[in-house]
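> The structure's right below; bear with me while I get my questions together.
Just so it is clear, none of the values below were taken in a lab; they were calculated from the coordinates. As the structure is a computational prediction, the values presented were derived from the model and not from experiment. As a convention, Cβ positions derive from the backbone with ideal geometry for all residues, glycine included, and neighbour counts pool all protein chains shown.
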Amino acid sequence: MEKYVKMLREKNLKVTPQRLIILKYLNEHSTHPATDKIYQDLKINNPSLSKTTVYNSLEILEKHGIIQSITISGLEHRYDFRHEMHHHFLCKKCGRIIDIDVVCPNLGKMLECGHNVEEVHGYFKGICKKCMNKEKIKDGS
Ligand SMILES: [Zn+2]
Ligand SMILES: [Zn+2]
């Protein structure tokens, strides 16, 4: 938990047990969970946790750049412990969101223009490798 305490202190944020368990959860679940999922999973061991607290905590953590949210599915915010620039791939079949580490080719041009780019979101969509392999096995039989 010390790591998470440090992350909050670095941003001058109050260290609360709720914020700590949310950070720990996100660090351990790199599946880009939505607010509901985070709340449901954490509530099992923290019955007093309210959905509003989860919602508010996520918002504050995101605002201070500790976590990031993505809206790749278009319906909901999905949260990500990794806050450095990276892109995402959404599998239309299984719904998995996978981290993609490719450098944005437009970033250099933006910086040349003198803009200060703080976030770059690349959303790729299609069928993931796992689902492709499943399809192949089905076709072969
Ligand atoms: Zn898939
Ligand atoms: Zn990610």
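> Please give the contour-minus-distance gain from N27 to K11: 0.36 nm per residue of separation, less the Cα-Cα distance, rounded to one decimal in nm.
4.0 nm
> Pick out, from M85, P105, S73, the residue whose Cα sits farthest towards the positive end of the charge dipole of the chain, with +1 on the Cβ of Lys and Arg and -1 on the Cβ of Asp and Glu.
Going by the Cα projections, it comes out as S73.
> Now, a different point. Provide the percentage of antiparallel DSSP beta bridges, counting only those with both residues in the range 84-141; round to the nearest 5.
Percentage antiparallel, nearest 5: 50.
> Normalise the Cα radius of gyration of the range 84-141 by 2.2 N^0.38 Å (N = residues in it) and let me know the number.
For the range 84-141, the normalised Cα radius of gyration is 1.58.
> Can you tell me the dipole magnitude for the range 1-95 around its Cα centre, using point charges on the Cβ only (Lys, Arg +1; Asp, Glu -1), in Debye to the nearest 20?
For the range 1-95, the charge dipole is close to 80 debye.
> Shifting gears a bit: Where both residues lie in the chain, what percent of DSSP beta bridges are antiparallel, nearest 5?
Bridges in the chain that DSSP calls antiparallel: roughly 65 percent.
> Okay, moving on. Would you work out the relative contact order for the range 1-75, in percent, from Cα pairs under 8 angstrom that are 6 or more residues apart?
Reported relative contact order: 26 percent.
> What nm value, rounded to one decimal, do you get for the distance between L107 and S48 when each label is placed 7 Å out toward the C-beta?
4.2
> Would you report the distance distribution of C-alpha pairs in the range 1-83 as whole percents per 5 angstrom bin, up to the bin with the largest distance?
Going from the shortest bin to the longest, the percentages are 3, 15, 30, 27, 18, 6, 1.
> At most 15 other Cβ atoms within 10 Å plus a DSSP loop assignment makes a site exposed; report the longest stretch of the chain without any exposed trypsin sites (Lys or Arg not before Pro).
The longest such stretch corresponds to 15-81.
> For the residue pair Q18 and H83, what label-to-label distance in nm results when each label sits 7 Å from Cα along the Cα-to-beta-carbon direction?
That separation, rounded to one decimal, is 1.9 nm.
> When only DSSP loop residues count, what GluC sites (Glu not before Pro) in the range 98-141 have their Cβ near at most 14 other Cβ atoms within 10 Å?
Taking the range 98-141 and a limit of 14 other Cβ atoms within 10 Å, the loop GluC sites (Glu not before Pro) found are E118, E119.
> Considering the Cα trace of the chain, what is its radius of gyration and what is Dmax, both in angstroms?
17.6, 59
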